[in-house]
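The values are calculated or read from the model by the stated rules, or taken from the named source; none is laboratory data. Bear in mind the structure is a predicted one, so any value in this text is a computation, not a measurement. All Cβ positions, glycine included, derive from the backbone under ideal geometry; neighbour counts span all protein chains shown.
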Amino acid sequence: MNAGLNGQGTKARYRGLQKVSRQRYIFLFVALAPSLLGYLLFTLYPNVLSIYYSLLDWDGLTDAKFVGIDNFVHMFQDKFVWRALYHNLLLIVVVPVLIVLISLVLAYLLNNKTYRENSLYKVVYFFTNVLSTVVIALLWAFIYDGSFGLLNGILGIFGLDMNSFYWLGSSSTALWALVVPMVWGGVGLYVVIFINAISAIPKSLYEAAELEGARPMTMLFRITIPLLRSVIRVCVVFIVLGTIKGFELMLVMTNGGPEGSTDVIGLYMYNLAFGKDYHNYGYASAIGMLLFVILVAAKYIIDKYYPEEKVEF
Amino acid sequence: MRVKKKINLVLMSCIATAVLLAGCVGNSTNKPQNTSPPSPSQGEGQKEEIKLYENGLPQDEKVVLKMGLWESGSGREWVDTAVKAFSEKYPNVTFDITASPTLSTILETKISAGDDKDMFDLFTPSFSSGDQYVRLANAGKFEPQDDLWDRDVPEEAGKKLRSVISDDAYEATLAFGYTTRMPLGMYTAGFFFNQNLFDKYGWNKSPGTWDEFVQLLEQIKGDGIIPITFPGVYAGYLTDYTFNMVQFDLAKANGNFDQYMDNFRNFSGAQYTTAELKEAWNRIYELGKKGYFPEGVAALNHTQSQMQVLQGKAALVSTGDWVGNEMKEHTPADFKWGFMAIPAMNDAQQTIFVNSGVADVGFSIWKEKPELTKKWAKEFLVSLYAFDIQEKLASESGTYPIRLDFGQDAARIAKLQPVQTAVMEYAERHNVQYISTRRNFYPTSPEAGQAGKLVSEMITAVATGKKDPLPVLEEAEALLQKALEKEDKQQ
């Protein structure tokens, strides 16, 4: 009798568990389906389609011609591709380092110095992140203007007559001139991320260090930065990948000029697909594939040489 | 209760997902059609009941014409006037206008999507590059408008549309074997300047020979002003609008213009290394070495370069005649527009070629549209030839109207904007020939793009005297010929 009751109870519990499990799956499906579908439709599908496009000679409007791997063969012989990648490489070396360093310093200062205007500074630093890239580009284009630009005006105050030098008009200065707005526009977000990460570090660690006579710089390099490693790592990944594929500033400020000195791989690809002179979606897609491989490789390299370290405190 | 709640929750989530999916799938199936195509299967008895306009189109069938309008420096006022007049005359026809300065992005996306229903019925064929238009025209994507040539000009019975269009414009519209757009106006490009500034310094406003032109630049530089500016960010403004014309001037002077033009239009033979084009580039280089272009020109955008002329920092800007309308808010009161082109030879009687979109202002009609929609779209195009609309085109949009008889009335001429008047005055003083630099096809292989990029990238360097153009032209030629070879093989 008891065994029968127990058996029924077990079955009921089993059915109940099954029901809960089914409900959980339904909930998970309902919760995930819209975003998964959106991802499949608007991200994965176009990307997979790009692989097919990269095998075509196609202007985007009229009938396409299948050309096999011709676009890829041409791509590796295209000096503009290599030049653009070289510019990307220069930017990858400089931009992430500057953004991370400046963001860290600002975040550290805002966390450890009790300025009265601290909250105002946070807003000010984050403000650049709210501005659209086009606004940043136009703002800096005016700053760099040879005739009326702020930069030449400020240099003039210090006795440096730039003789109406156009910073974006010379192939030797244009790329480096673009680094400044890239860093300026990028710092705000990372300052906020680092401020929050720093404030999550227990105060007791600093108090203990202080009792043992540690100086602020020692605390910065021995406590703060090591404990921020994983956050910095994520930020570096974001900045490096963003620097490789970003081209909006170049598009608005120089369109890759002068003489191609600010052409980057994303801009070259964009102009091939949507530019004013020449259209070939197929070739642009092939370059898109190359860009995809480079992005994956960059992520792999960062993972390999900057492994994730889990820190508990 | 709890079970019910859960069921409701799941159901609601499913409905939300379904709604989202429905939104993603597209709206074309549920959307009511914007037009009612004529039904050929309508009974004979019904035909008698249909009220028709004088143009033979039904009065009772409501039609919405979806129009894509490129809202450029020319504005949209003239179109609004035309639309209002047309809808008053034909109340069953209304317009759904999408106007944008970046119409090309909308247009190309719609065409790429391949949904004919979603496509505009009629539109300004404004594409991100001219080759897109040529490809679509060659692919027969536009409704032929040839039947309109035999139509009467509005309110002038017996006067045919063909009779009020120049032969040049007519031939240009037939470049692809059929009329892809009825021309409504034309633009010109060249050097624009402030006549008052020229008067102030006593500069020659209308040099008739190459030596006079160079002498003018020398004088301007001597007076501490930049002789020629252009937007270096889009450096083609210098070559496409002015210096590329030199090759045609030279070909004309050499007596081989027709052959040269045919080669140009069809990519026959050398393109970048013809003696004429090399000479044109060499002249930019020589002028560049003398410092006649601004040092930081590569950083100048379209507006900045035009502002240099408005502010008197530069004397001449290489651009199109839309500059007047585009910059009218910023044009000082004491500014008077002037125009000149490059006289390539030292013969005062020479033919001076001026870049012109002889038939570039107009509307195309998408071919895969219901017949009734296309008929009404054509009726609208005919209505744009009325003098009051052509006057509006002249006075509000700063476009030179296409009708030949527009100039027969001094009152109408007075409605032209100052820039167009300046071009007209220049043409009266010189032996001007307007020319469109369209090609009959464009090669698509990557080598062609690379060749174009090589050439366009060197413009600012050549114009500042830093780069000899000839080796680059040779390299570009080799790439282009390779592209053309590929094109031949594929065909």
Inset, instruction - Determine which single condition B:Ala99 fails, assuming it passes every other condition in (1) within 12 Å of chain A (Cβ to nearest Cβ); (2) without any contact (Cβ under 8 Å) to a residue 40 or more places away in the chain. - result: (1)
Inset, instruction - Restrict the check to region B:436-454 and report whether at least one residue is within 18 Å of the chain's Cα centre (by Cα), assigned to a helix (DSSP H, G or I) and closer than 25 Å to B:Ser129 by Cβ. - result: no
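Results for (1) in contact (Cβ under 8 Å) with a residue 24 or more places away in the chain; (2) closer than 25 Å to A:Ile287 by Cβ; (3) more than 14 Å from every other protein chain (Cβ to nearest Cβ); (4) surrounded by 19 or more Cβ atoms within 10 Å (Cβ to Cβ), shown as yes or no for each residue.
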position: A:Tyr206; (1), (2), (3), (4): no, no, yes, no
position: A:Ala214; (1), (2), (3), (4): no, no, yes, no
position: A:Met217; (1), (2), (3), (4): no, no, yes, no
position: A:Pro226; (1), (2), (3), (4): yes, no, yes, no
position: A:Cys235; (1), (2), (3), (4): yes, no, yes, yes
position: A:Leu249; (1), (2), (3), (4): yes, yes, no, yes
position: A:Met253; (1), (2), (3), (4): yes, yes, no, yes
position: A:Gly257; (1), (2), (3), (4): yes, yes, no, yes
position: A:Gly260; (1), (2), (3), (4): yes, yes, no, yes
Inset, instruction - Please tell me if A:Leu151 is crowded, with 17+ Cβ neighbours inside 10 Å and more than 30 Å from B:Thr303 (Cβ to Cβ). - result: no
Inset, instruction - For residues that are under 12 Å from B:Leu197 (Cβ atoms) and away from chain A (no Cβ under 12 Å), tally how many sit in region B:289-311. - result: 2
Inset, instruction - Please tell me if B:Phe123 is touching a residue at least 60 places away in the same chain (Cβ under 8 Å), crowded, with 20+ Cβ neighbours inside 10 Å, more than 19 Å from the chain's Cα centre (by Cα) and closer than 23 Å to B:Lys367 by Cβ. - result: no
Legend entry - Matching residues, region A:262-279, being buried (at least 22 other Cβ atoms within 10 Å of the Cβ) and either in contact with a Pro (Cβ under 6 Å, 6 or more places away or on another chain) or among the aromatic types (Phe, Trp, Tyr) (or both): A:Tyr268, A:Tyr278
Legend entry - Condition check for A:Asp78: crowded, with 17+ Cβ neighbours inside 10 Å, under 14 Å from B:Glu447 (Cα atoms) and without any contact (Cβ under 8 Å) to a residue 12 or more places away in the chain: yes
Inset, instruction - Residues that are within 27 Å of B:Gly324 (Cα to Cα), aliphatic (A, V, I, L, M) and more than 14 Å from chain A (Cβ to nearest Cβ): find the helices (runs of 4 or more DSSP H) completely inside region B:195-278 holding 1 or more of those. - result: B:195-201, B:210-222, B:245-254
Inset, instruction - For region A:269-286, name all the residues that are more than 20 Å from B:Tyr237 (Cα to Cα), assigned to a helix (DSSP H, G or I) and within 9 Å of another protein chain (Cβ to nearest Cβ). - result: A:Tyr281, A:Gly282, A:Tyr283, A:Ala286
Inset, instruction - Keeping to region B:421-440, report how many residues are closer than 30 Å to A:Leu55 by Cβ and surrounded by 17 or more Cβ atoms within 10 Å (Cβ to Cβ). - result: 0
Inset, instruction - Please state which one of B:Tyr53, B:Tyr133 is under 19 Å from B:Tyr385 (Cβ atoms) and either surrounded by fewer than 19 Cβ atoms within 10 Å (Cβ to Cβ) or of a type in the set (Ser, Thr, Tyr) (or both). - result: B:Tyr53
Legend entry - Long-range neighbours under 7 Å by Cβ, at least six apart or interchain, first residue more than 8 Å from chain A (Cβ to nearest Cβ) within region B:454-470, second surrounded by 24 or more Cβ atoms within 10 Å (Cβ to Cβ) and assigned to a loop (DSSP other than H, G, I, E, B): B:Ile459/B:Ala235; B:Ala463/B:Phe293; B:Thr464/B:Phe293
Inset, instruction - Give, as residue ranges, the strands (runs of 3 or more DSSP E) completely inside region B:291-369 that count at least 1 residues that are touching a residue at least 12 places away in the same chain (Cβ under 8 Å), assigned by TED's automatic domain parsing to the domain that holds B:Glu379 and among the aromatic types (Phe, Trp, Tyr). - result: B:351-365
Legend entry - Matching residues, region B:380-396, being touching a Leu at 6+ places or on another chain (Cβ under 7 Å), assigned to a helix (DSSP H, G or I) and crowded, with 21+ Cβ neighbours inside 10 Å: B:Phe380, B:Leu381, B:Leu393, B:Ala394
Inset, instruction - Looking only at region A:237-247, count how many residues are among the aromatic types (Phe, Trp, Tyr) and either touching a residue at least 60 places away in the same chain (Cβ under 8 Å) or not in a loop (DSSP other than H, G, I, E, B) (or both). - result: 1
Inset, instruction - Sort out for me the helices (runs of 4 or more DSSP H) sitting completely within region A:1-103 that have 2 or more residues that are within 12 Å of chain B (Cβ to nearest Cβ), over 21 Å from the mean Cα position of the chain (by Cα) and over 30 Å from A:Phe238 (Cα atoms). - result: A:2-39, A:70-77
Legend entry - Top-ranked residue of region B:396-414 - restricted to ones that are more than 20 Å from the chain's Cα centre (by Cα) and acidic (Asp, Glu), ranked as farthest from B:Ala386 (Cα to Cα): B:Asp409
Legend entry - Checking A:Asn112 against (1) crowded, with 17+ Cβ neighbours inside 10 Å; (2) away from chain B (no Cβ under 14 Å); (3) not hydrophobic (A, V, I, L, M, F, W, C), the condition it does not meet: (1)
Inset, instruction - Confirm whether A:Trp58 is aromatic (Phe, Trp, Tyr) and at pLDDT below 95. - result: yes
Inset, instruction - Identify all residues within region B:79-91 that are buried (at least 16 other Cβ atoms within 10 Å of the Cβ), farther than 18 Å from B:Thr124 by Cβ and out of contact with any Ser or Thr (no Cβ under 8 Å at 6 or more places or on another chain); write none if there are none. - result: B:Tyr90
Inset, instruction - Being over 19 Å from A:Tyr281 (Cα atoms) and aliphatic (A, V, I, L, M) is the filter here, so list the residues in region B:104-132 that pass it. - result: B:Met119, B:Leu122
Inset, instruction - Inspect all residues belonging to region A:147-154 and state whether any of them is outside any helix (DSSP H, G or I), away from every other protein chain (no Cβ under 14 Å) and over 25 Å from A:Phe247 (Cβ atoms). - result: no
Legend entry - Condition met for B:Asp199 (closer than 30 Å to B:Gln306 by Cα, at pLDDT 95 or above and more than 18 Å from the chain's Cα centre (by Cα)): yes
Inset, instruction - Look through region B:111-133, keep the residues that are at the interface with chain A (Cβ under 10 Å from one of its Cβ atoms) and in a helix (DSSP H, G or I), and return whichever of them is farthest from B:Gln145 (Cα to Cα). - result: B:Ser112
Inset, instruction - Read through the list (1) touching a helix residue (DSSP H, G or I) at 6+ places or on another chain (Cβ under 8 Å); (2) of a type outside the set (Ser, Thr, Tyr); (3) touching a residue at least 24 places away in the same chain (Cβ under 8 Å), then give the number of the only condition that B:Arg429 fails. - result: (1)
